[in-house]
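Reading through the structure tokens given below for one structure.
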Amino acid sequence: MANSNKSKMEQIAEGTRGEGEVELGRDFKEKNSKYTTDGSVDIGGQVAAKATTGGWVAGSIVLVNQGLATLACFGVGVNLVLFLTRVAGQNNADAANSVSKWTGTVFMFSLLGAFLSDSYWGRYKTCVVFQFIFVIGLVALSLSSQMFMLRPSGCGKANEPCGAHSSLEMGLFYLSIYLVALGNGGYQPNIATFGADQFEEGDPREARSKISFFSYFYLALNLGSLFSNTFLSYFQEEGLWAMSYWASAGSASLALILFLCGTRRYRHFRPGGNPLRRVCQVVVAAVKKWKVEMTPRGADDLYEFDGKEIEAGASEGSKRILHSEGFRFLDRAALITSDDFPVSGDSTAANPWRLCTITQVEEVKCILRLLPIWLCTILYSVVFTQMASLFVEQGAAMKTTIFADFRIPPASMSAFDIFSVAIFIFFYRRILQPIAAALRHDPRGLTELQRMGVGLIIAVAAMITAGIVEHFRLKLQRGGETSSLSILWQVPQFMLIGASEVFMYVGQLEFFNEQAPEGLKSFGSALCMTSMSLGNYMSDILVTVVMKITGKDDRPGWIPVNLNRGHMDRFYFLLAALTTADFVIYVICAKWYRCIKIEGKGEGEEDGECSD
């Protein structure tokens, strides 16, 4: 009835305005279909155009880059212990310790790379800088090996150790391998996240591609390691160390050149400032207000900027994180009091060490929620580590010849793990995921948390299988000699480890990338790498403890030098039991976990729950 009182001219004007709004809406929708809306920009700092940036063109460059870089890194690490014993003249114990420290350092440098990327440099610049350091380290390693380490000429084979080396020569060698560790470690957590940046999550088609990217990324990593474990390992076994290191240097150089060639095609996100300071501000502000009474009104009394973007320092296009329940003590940091604004009416004058936004508080909550899940993945890394250590020792104590005189090197059995990864990636993406999506009415199929749980279950099966194989190996050995059980009986345990990786490590990459706050994406990927690092250290500790307990009173222990006198099968069963207990704890943590809730995304998920 209100419209009947309006003049004809007013009604025409309103109709015209409505048509204009429809036209503006159409223009806005058309613009959004051409440009990204997630805050990503091109190399010139302009909003990224979907047709000329990102997508599978940029993603494929990242995948090839990852494969070549992995080939280069594994070309150094796969037989580093042999180089230290045959060329550097170290004993087995010292060489093993040196390799453990080097491997752990590679993963620990990932935290440095993630920090620089998230805080100051951005992912593209960080990848370029650390890849350049990686290449320098490999060239230095090739030169130092060829000019100083491999003397006399032709040394470095199993029966031809090299001569003594000066402190300067050893210093140059260690400087070069730790430059390799710095370069690869700082690059690794950023390249996975940078590849995922090439797909806009708000675009349904690109969102599906982003999920697939992590699977193909892990496949590229394994294919690179396959080449290292076969061709480069053969060169090194024959004493051609310098040739293999030059091949690694060439592969890393090609990876860097290829990465730079794609510069104009990439989508970039601006760094969001020092996250450590933001976390400390929340803690300090919460402590300062610990006596302030909290009201039951939830987020209504909490502070947040009025604009769409979060505070200065966050990347352009970043959206606010919605308030969540839990860790209520931290909510005090965002609780508005009369002392928070020195200048009346000026919300920008708030002291950040006394008043933080809801988004800033939720970033800290996200980190606290991720930590229990991350801790549960460390024991899985202990299981995964056995593939490169005890599985190899077990294989060396088995019958390694087939077809009369063809010998299978125990270390090369890891190729079955890589084949398993390739098979199960396609099996999951092409068969299992569509079935699970149809049954659960969820396009994701299984959630990331569910897939990680499946990975733990398969890891238990792998350890039980390895224990059973070891039990029969011991039964079929006579008089301390090599067992008559064929090394091919190890194939199932390697295949199971590969299947578990597809569910655990790929799911882990997706989960931490998805759930880490916008300014901590690279940190989320670094968590995956530090999990592997701590798994290496924890495995060493566990073996040491087991040997001290089982090797008392002149008993050989479960894992002696001569495996025929021990009971490594019991150690495998112990790992199976520990992983089962870890799975139970993981399920509890996964049920407790609540997803990050971003403004404009995922409001339909009940309580942000990820585990159902």
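The values are calculated or read from the model by the stated rules, or taken from the named source; none is laboratory data. Remember, predicted model here, so these are calculated numbers, not experimental data. Quick reminder, even Gly has a Cβ in these numbers, built from the backbone with ideal geometry, and neighbours come from all protein chains shown. Ligands, DNA and RNA are excluded from the accessible area calculation, which covers all protein heavy atoms including side chains. Shrake-Rupley method; radii C 1.70, N 1.55, O 1.52, S 1.80 Å.
Collect the residues in the range 586-606 that are part of a loop (DSSP other than H, G, I, E, B) and modelled with pLDDT under 90, keeping them in residue-number order. Within the range 586-606, C595, I596, K597, E599, G600, G602, E603, G604, E605 qualify. Consider the range 549-585 and keep the residues that are small (G, A, S) and in a helix (DSSP H, G or I). The one that is surrounded by the most Cβ atoms within 10 Å (Cβ to Cβ) is A576.
The single condition from (1) surrounded by 14 or more Cβ atoms within 10 Å (Cβ to Cβ); (2) of a type outside the set (D, E); (3) part of a loop (DSSP other than H, G, I, E, B) that A415 fails is (3). When Q394 is tested against the conditions (1) open to solvent by 80 Å² or more (accessible area, probe 1.4 Å); (2) more than 22 Å from F213 (Cβ to Cβ); (3) not β-branched (V, I, T), the lone failure is (1).
For the range 138-165, give me each residue that is in contact (Cβ under 8 Å) with a residue 12 or more places away in the chain and of a type in the set (S, T, N, Q). Passing the criteria: S142, S144, S145, Q146. Screening V502 against (1) of a type in the set (V, I, T); (2) modelled with pLDDT of 95 or more; (3) crowded, with 24+ Cβ neighbours inside 10 Å leaves a single unmet condition, (2). S483 fulfils the conditions (1) assigned to a helix (DSSP H, G or I); (2) in contact with a Leu (Cβ under 9 Å, 6 or more places away or on another chain); (3) touching a residue at least 12 places away in the same chain (Cβ under 8 Å) except for a single criterion, (1). Does I497 fit the bill of being open to solvent by 10 Å² or more (accessible area, probe 1.4 Å) and either part of a helix (DSSP H, G or I) or β-branched (V, I, T) (or both)? So I497 fails the test. The single condition among (1) modelled with pLDDT under 85; (2) out of contact with any Lys or Arg (no Cβ under 7 Å at 6 or more places or on another chain); (3) of a type in the set (A, V, I, L, M); (4) surrounded by 17 or more Cβ atoms within 10 Å (Cβ to Cβ) that V343 does not meet is (4). Restrict the check to the range 104-112 and report whether at least one residue is in contact (Cβ under 8 Å) with a residue 40 or more places away in the chain, within 30 Å of V41 (Cβ to Cβ) and open to solvent by less than 40 Å² (accessible area, probe 1.4 Å). Taking every residue of the range 104-112 in turn, at least one turns out to be in contact (Cβ under 8 Å) with a residue 40 or more places away in the chain, within 30 Å of V41 (Cβ to Cβ) and open to solvent by less than 40 Å² (accessible area, probe 1.4 Å).
Quick check: anything in the range 447-457 under 17 Å from M504 (Cβ atoms) and among the small types (G, A, S)?
Initially, the range 447-457 is screened for residues under 17 Å from M504 (Cβ atoms), giving 447-457.
Filter again for among the small types (G, A, S), leaving 453, 455.
Checked against the condition, which is being under 17 Å from M504 (Cβ atoms) and among the small types (G, A, S), the range 447-457 yields at least one hit.
Scanning the range 257-284 for residues that are in a loop (DSSP other than H, G, I, E, B), within 30 Å of V57 (Cβ to Cβ) and touching a strand residue (DSSP E or B) at 6+ places or on another chain (Cβ under 8 Å) returns R267, F269, R270, G272.
Take the conditions assigned to a helix (DSSP H, G or I), surrounded by fewer than 21 Cβ atoms within 10 Å (Cβ to Cβ) and at pLDDT 90 or above and apply them to V64. Does it pass? So V64 passes the test.
Y187 - would you say it is at pLDDT 85 or above and on the phi < 0 side of the Ramachandran plot?
Details: at pLDDT 85 or above: yes; on the phi < 0 side of the Ramachandran plot: yes.
It is true that Y187 is at pLDDT 85 or above and on the phi < 0 side of the Ramachandran plot.
Search the range 327-340 for residues being open to solvent by less than 60 Å² (accessible area, probe 1.4 Å) and at pLDDT 85 or above, and hand back the single one that is nearest to the chain's Cα centre (by Cα).
L330
Collect the residues in the range 433-450 that are more than 25 Å from Y593 (Cα to Cα) and surrounded by 12 or more Cβ atoms within 10 Å (Cβ to Cβ), keeping them in residue-number order. Selection gives P434 alone. Tell me whether the range 508-531 contains one or more residues that are at pLDDT 90 or above, buried (at least 23 other Cβ atoms within 10 Å of the Cβ), of a type outside the set (F, W, Y) and closer than 18 Å to F214 by Cβ. Checked the range 508-531: at least one residue is at pLDDT 90 or above, buried (at least 23 other Cβ atoms within 10 Å of the Cβ), of a type outside the set (F, W, Y) and closer than 18 Å to F214 by Cβ.
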